[in-house]
Every structure is written in structure tokens, then in C-alpha cells.
1. Tell me, which residue of the range 27-56 that is of a type in the set (Ser, Thr, Tyr) and within 17 Å of the chain's Cα centre (by Cα) is surrounded by the most Cβ atoms within 10 Å (Cβ to Cβ)?
2. Need the failing condition index for Ala79 against (1) surrounded by 12 or more Cβ atoms within 10 Å (Cβ to Cβ); (2) free of Cβ contacts under 8 Å to residues at least 60 places away in the same chain, just the number.
3. Would you tally the residues in the range 57-72 being of a type in the set (A, V, I, L, M, F, W, C) and open to solvent by less than 70 Å² (accessible area, probe 1.4 Å)?
Amino acid sequence: MINFNPQLSQADAQWILEEVVPKATYRIDHKTLGWWRDAHNKAFTEQVGIPGCSCEYLATMRVWQGRINQYDPQIRAIAYPPIVEEKPTRGRKKK
């Protein structure tokens, strides 16, 4: 069972969205597969490793990428929390 990691930090979520997804989506090699593995291991409780055979790289990367895409709204909510503006308080001005 794949479970989303509730302790995913804001920095890790931003790294996944700003570094991994744009740079590693269309390129498959040992470096980008490592990025997807690291992203997966940070975003989910199940820890995975890189397969030993290069013939498995594409399938493995697509599975990890699909899991990240499935939880994209949750990752974005952690990476970019809504900005809460403070409303001015009503009251007497201090002299």
C-alpha cells in the first residue's frame, strides 16, 4: 500500500515541483531516475530503490511519476500554502 507522507516538508515539496518534475519528466537516465526515486521516497512512506536492469528504468520511472502526479494537489498544498492576510483590528488608536 502506498501512503502519502504527511510529514513532507515545504522545502521537499517545492523541490519535487520545481526541480524534479520539470527537469526529469522527459529524460530517462540514471541521474533522473535517482531524482524520481528521491522524490518518491520523500513524498511516500514506502521507500524504493533503483532497479538493477536498465530495461526496467522506463517502467519504474513512469510508476513513480504517476504516483507523484496522483498526489500533485496535496504536494502543491504543502509547497505553496495559502497566504492568510491579517485583517486590521478595530479599536482605539494609541496616542
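The values are calculated or read from the model by the stated rules, or taken from the named source; none is laboratory data. Quick caveat: nothing in here was measured; it's all calculated off a predicted structure. Please note: Cβ atoms are built from the backbone with ideal geometry, for glycine as well, and neighbour counts cover all protein chains shown. Only protein heavy atoms, including side chains, enter the accessible area calculation; ligands, DNA and RNA are left aside. Shrake-Rupley method; radii C 1.70, N 1.55, O 1.52, S 1.80 Å.
1. Result: Thr32.
2. Condition (2) is where Ala79 drops out.
3. First, pick out the residues of the range 57-72 that are of a type in the set (A, V, I, L, M, F, W, C): 58-59, 61, 63-64, 68.
Pick out the ones that are also open to solvent by less than 70 Å² (accessible area, probe 1.4 Å) and you get 59, 61, 64, 68.
Adding up the residues that qualify gives 4.
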